[in-house]
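Below is one structure, written out as structure tokens, with a few remarks after it.
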Amino acid sequence: MSDDSPFVVEMKKITKKFPGLTANDNVDFHLRKGEIHALLGENGAGKSTLMNILAGLYEPNSGEIYVKGQQVRFRSPRDAIKAGIGMIHQHFMLVPTQTVTENILLGLDEPKFIMNLSKYDEIIRQLGIENNLIVDPTAYIWQLSVGEQQRVEILKMLYRGCDILIMDEPTAVLAPQEIDVLFNTLRSMTEKGKSIIFISHKLNEILEIADRVTVLRRGKVTAADMPIEGVTKEELASLMVGREVIFNIDKSACHAGEPVLIVENVYAENDKGLPALKGVSLQVCAGEIVGIAGVAGNGQRELAEVIAGLRKIQSGSIRSKDLDLTKVPIKKAIEEGIAYIPEDRHHVGTAPNLSVVDNLIMKNYDQCPISKGIGMDEGAARAYAESLKDEYDIIVPSIDTPVRLLSGGNLQRVILARELSNMKSLLIAVQPTRGLDVGAIEGIQRMLLKQRESGGGVLLISEELEELVSLSDRIYVMYEGQIMGEVHDGDIRKIGLMMTGTRLEDIPEEKTEVTEGEKA
Amino acid sequence: MEKQAVIQQKRKGFHFRLQVEERSDEPPKWLSPLLTVLALVVAFAIAGILIALVGGDPIYTYSRMWKAAFGTWFAFSDSLTKAIPLIFCGVACSLAFHMKIWNIGAEGQFFLGAFGASLVVLAPIVPKGSSSWVYIPTMMLSGMIFGALWGFIPGYLKAKLGVNEIISTLMLNYVAVAWNNFFLFGKWSYQGFQMSEKFPKEALLLRLSDIAKKYNIKALQGMALHLGIIFALVTAIIMYFVIYKSKWGYEIKLTGDNPNAAKYAGINIMRNTILVMALSGAIAGLAGASEISGVVKRFQGSISPGYGYTGVIIAWLSKLNPLMTIPVSIFFGGLIIAGREIQPSGIPKMIQGIILVCLISFDFFLHYRIRISRISAFAEE
């Protein structure tokens, strides 16, 4: 990537104000032809706003945009696409019951009336091969994996003649292998002259894939158009959050106590009625963090749900001390202090239209002091919410704000505040840091360690391997609904092999130094 | 392609444009009442144009309507009387709607409530000649039980079998009418008419006109307003506290907003679905019982011009707040009375419809804002 490549996008002094905040404050952004340009920033730094402006979703309050040298003014995404700019959103906009070709053609003027799909199937197949985006044009969207769906979204933009692609956190939904495939695709596209804007807050990925990076913090540019070569992760992180971020977590030695969770030979089905857990057994003791590693969709979510009592099991047993979690109502488990941070913050963890107060008291509204006869003590509830708000740094205009207006990080803090304050013995945390910025991640990881030190047992289910290894005392690896094995020393090589379906006992020992003593 | 890429708007004559944006913050508190007032103004303006188009005088029509509904104490008493079943049905629907259970069956529950109250007199459950202290509570209770039963059925079906409550409650409305007709045409038919004999006066709710007679107060003479208004107000107040101040109310709101979160918080959704439907039915049943005992005075057919369905509208316009159902119901009661004054049907129904459409459309501004921005000459080029 040479410096003298022409600019394909120039955004000059872009300012965008929303009520109460300035999302972009005099932001400059430049994209060169054929480069992958990362846009880095914390949640709420203004990355998405800036890109939504470029994609025609918002109009800036002031500033100028030039595409390929000419000033433009976008009124809608359609205008942006005409100018060759296509945005691939984090949440795909595809019709599940239609085929790939139908989805790509959706909303276009051609074909006019008679579909003649087979002709277009061929065109799209060719387009896919050219761009290293292999997907069957006749397949229905619901049959495709997330990675394949993403390819369809990219194809959709390429078919419309876009040569500038904005990818909004494209790796957030992908499994590690799919990320590699995506990166290969992106590289081959830039070789063909396409230019890509890569929005992310994952530093490793940016270092791996990007040619240049622009960093935003609180709506302002902290590093403009910086070549990625020679930049370290720590430098990027401090540009992003404005202070040094500690990556190595200090953690005291593990003092595991009595088991607080015993899962034995559990079988359960997923939402589609297919077996999701096939004889899972594991233990979590007081004072330790136990990690569950695995590629998404190998039964981790179902495992969390059966423990939390949200999913029925077919056989096996789940006990916490003398409590049979498969028999007692969820309420009983909550009263016993079993806390659960669900994977899905919006659809399980919170009630979007209810206030921060109502969301914080979800687990103890019927306990003293909030409960008062058949009524609720509003004063006590508010006082409780205020104290949690301060303790957990939840940033909201007021505790009466509906939580749908909260940012991802604050929403997660609401959930954490609620769960951790009600936790006594066991915490099940599923992807507690997903989608959060570095500062928030650090805070949450500290909270998990605090629970461990105060003698709670934590079951941490995560797809962030780095996080798992640094936090966990032991790690189980799940593959296709089974536990492949357990590691105590965070041996990444073994975890990786188990994640792809090799049992621990079948893993050949490496010649170099190997720690002994781990058994499945 | 490259030329197309440059998007320039050159619409001559327009130097400003409208832009609709979703609100990213909470609307201010004064906005909602202001919009309600604006919606009413717009609705009456539209209706006025239509009245003028059919050859009427809108101003005169509205002044006559106002007089007929609220112009005199006598008229106001009539409007309040009409508001009684509306408050009950509005509250009944509000409760269910808080849990996002779409109970469209208040009409049927109203009919069963009327049946339950009549059963006390006609079966008879209470011996003839009992005092009103025996009659009235028994009738109200019986009305509530039958209404509750009519709510329990769809509630149970929804909770246990996942039957869509919109369909089941709607269908049960027709069953309720047929059920009442079975008794009207048969056992309880009075001299072959499709009505029962008149209830004894101990089984009737106290009216203002009764008080006028007893204490010889001229001012209250002939006023039809009955004790049901007290029942309705008390019910609305109690339900306000149940929904907004009780733990059960919290469970209902949480379930309504996100059933997954409710399940995750350990709330028994199945039990609450059945309870909410039964209680909603009981309140609508109370409407039927009070109407029979306070207005109709006997068991007969066509006792409701759609109170149950209007209850759905009232719940919606009150933003599901039981206390708000009171003024909204009085307003609608007034509209019903005023409608009779100007035309037996047609225009009054139309005005109701226009008000409803306007009120609901104006909610748009609660969630979106409209920005008017000037296109500067610079940007134009």
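Sort through B:132, B:79 and tell me the only one that's within 23 Å of residue B:196 (Cβ to Cβ), of a type in the set (Gly, Ala, Ser) and out of contact with any Leu (no Cβ under 6 Å at 6 or more places or on another chain). Quick ask: steps written out before the conclusion?
Details: B:79 fails: within 23 Å of residue B:196 (Cβ to Cβ).
None of the other options fit; the residue is B:132.
Can you tell me which residue is surrounded by the most Cβ atoms within 10 Å (Cβ to Cβ) among those in region A:41-70 that are assigned to a strand (DSSP E or B) and more than 9 Å from chain B (Cβ to nearest Cβ)?
First pass over region A:41-70, keeping only residues assigned to a strand (DSSP E or B): A:41, A:62-67, A:70.
Filter once more, keeping what is more than 9 Å from chain B (Cβ to nearest Cβ): A:41, A:62-66.
On the way: A:41: 26, A:62: 12, A:63: 18, A:64: 13, A:65: 22, A:66: 16.
Filtering region A:41-70 for residues that are assigned to a strand (DSSP E or B) and more than 9 Å from chain B (Cβ to nearest Cβ), the one surrounded by the most Cβ atoms within 10 Å (Cβ to Cβ) comes out as A:41.
Would you check which residues across region A:22-39 are assigned to a strand (DSSP E or B) and either farther than 21 Å from residue A:231 by Cβ or at pLDDT below 90 (or both) and list them? Give the derivation first.
The initial filter retains those residues of region A:22-39 that are assigned to a strand (DSSP E or B), namely A:22-32, A:36-39.
Answer for region A:22-39, where residues must be assigned to a strand (DSSP E or B) and either farther than 21 Å from residue A:231 by Cβ or at pLDDT below 90 (or both): A:22, A:23, A:24, A:25, A:26.
From (1) under 17 Å from residue A:89 (Cα atoms); (2) under 21 Å from the mean Cα position of the chain (by Cα); (3) buried (at least 20 other Cβ atoms within 10 Å of the Cβ), pick out the condition that doesn't hold for residue A:203.
(1)
Could you count how many residues in region A:342-355 are of a type in the set (Ser, Thr, Tyr) and either surrounded by fewer than 20 Cβ atoms within 10 Å (Cβ to Cβ) or not assigned by TED's automatic domain parsing to the domain that holds residue A:386 (or both)? Even if it seems obvious, please write down each step before you answer.
Of the residues in region A:342-355, the ones of a type in the set (Ser, Thr, Tyr) are A:350, A:355.
The next check asks that each one be either surrounded by fewer than 20 Cβ atoms within 10 Å (Cβ to Cβ) or not assigned by TED's automatic domain parsing to the domain that holds residue A:386 (or both); those that pass are A:355.
Number satisfying all stated conditions: 1.
For the subset of region A:304-322 comprising residues that are within 14 Å of chain B (Cβ to nearest Cβ) and among the basic types (Lys, Arg), which member is nearest to the chain's Cα centre (by Cα)? Break it down into steps so the answer makes sense when it comes.
Residues of region A:304-322 that are within 14 Å of chain B (Cβ to nearest Cβ), as a first pass: A:304-312.
When the remaining residues are screened for being among the basic types (Lys, Arg), the result is A:311-312.
Details: A:311: 23, A:312: 26 Å.
The extreme case among them is A:311.
Is it true that residue A:301 is among the basic types (Lys, Arg), within 14 Å of chain B (Cβ to nearest Cβ) and farther than 21 Å from residue A:174 by Cα? So that I can check it myself, show each step before the final result.
Details: among the basic types (Lys, Arg): yes; within 14 Å of chain B (Cβ to nearest Cβ): yes; farther than 21 Å from residue A:174 by Cα: no.
So residue A:301 does not fit the description; no.
Given A:295, A:263, which one is at pLDDT 90 or above and buried (at least 18 other Cβ atoms within 10 Å of the Cβ)? Spell out the reasoning first.
Values: A:295 fails: at pLDDT 90 or above.
Only one candidate passes the filter, namely A:263.
Condition first: hydroxyl-bearing (Ser, Thr, Tyr) and modelled with pLDDT of 70 or more. Now tell me which residues in region A:493-520 satisfy that. Full working, then the answer.
From region A:493-520, those hydroxyl-bearing (Ser, Thr, Tyr) are A:500, A:502, A:512, A:515; that's our starting set.
A:502, the sole residue that qualifies.
Checking the conditions here, which among A:332, A:327 is more than 7 Å from chain B (Cβ to nearest Cβ), in a loop (DSSP other than H, G, I, E, B) and surrounded by fewer than 16 Cβ atoms within 10 Å (Cβ to Cβ)? Give the derivation first.
On the way: A:332 fails: in a loop (DSSP other than H, G, I, E, B).
Going through A:332, A:327 in turn, the sole match is A:327.
Quick grid of which residues meet (1) closer than 22 Å to residue B:148 by Cα; (2) out of contact with any Gly (no Cβ under 8 Å at 6 or more places or on another chain); (3) modelled with pLDDT of 95 or more; (4) more than 12 Å from chain A (Cβ to nearest Cβ):
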site	(1), (2), (3), (4)
B:203	yes, yes, no, yes
B:212	no, no, no, yes
B:217	no, yes, no, yes
B:224	no, yes, no, yes
B:229	yes, yes, yes, yes
B:263	no, yes, no, no
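Condition check: touching a helix residue (DSSP H, G or I) at 6+ places or on another chain (Cβ under 7 Å), on the phi < 0 side of the Ramachandran plot and at pLDDT below 90. Does residue A:133 satisfy that?
Criteria met by residue A:133.
Do any helices (runs of 4 or more DSSP H) lying entirely in region A:356-459 carry at least 1 residues that are within 14 Å of chain B (Cβ to nearest Cβ) and either crowded, with 17+ Cβ neighbours inside 10 Å or among the hydroxyl-bearing types (Ser, Thr, Tyr) (or both), and which ones are they? Let's see the steps before the verdict.
Working: elements: A:356-360, A:378-391, A:408-422, A:438-453.
The helices (runs of 4 or more DSSP H) meeting that bar are A:356-360, A:378-391, A:408-422.
If you check B:286, B:275, which single one turns out to be part of a helix (DSSP H, G or I), within 14 Å of another protein chain (Cβ to nearest Cβ) and not small (Gly, Ala, Ser)?
Numbers: B:286 fails: within 14 Å of another protein chain (Cβ to nearest Cβ).
Step by step, each of B:286, B:275 is checked, and only B:275 is part of a helix (DSSP H, G or I), within 14 Å of another protein chain (Cβ to nearest Cβ) and not small (Gly, Ala, Ser).
To keep it simple, each residue is scored yes or no on (1) of a type in the set (Gly, Ala, Ser); (2) modelled with pLDDT of 90 or more; (3) outside the structural domain of residue A:411 (by TED's automatic domain parsing).
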residue: A:17; (1), (2), (3): no, no, yes
residue: A:41; (1), (2), (3): yes, no, yes
residue: A:65; (1), (2), (3): no, yes, yes
residue: A:106; (1), (2), (3): no, no, yes
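Could you list, ordered by first residue, the pairs with Cβ atoms under 7 Å in which the first is in region A:361-375 and over 20 Å from residue A:403 (Cβ atoms) and the second is modelled with pLDDT of 85 or more and in a loop (DSSP other than H, G, I, E, B), at least 6 apart or interchain?
Here the result reads A:369/A:377; A:371/A:365, each pair linking region A:361-375 to a residue that is modelled with pLDDT of 85 or more and in a loop (DSSP other than H, G, I, E, B).
The values are calculated or read from the model by the stated rules, or taken from the named source; none is laboratory data. This structure is a prediction, so every number in the text was calculated from the model and none was measured. Glycine also receives a Cβ, built like all others from the backbone with ideal geometry; neighbour counts cover every protein chain displayed.
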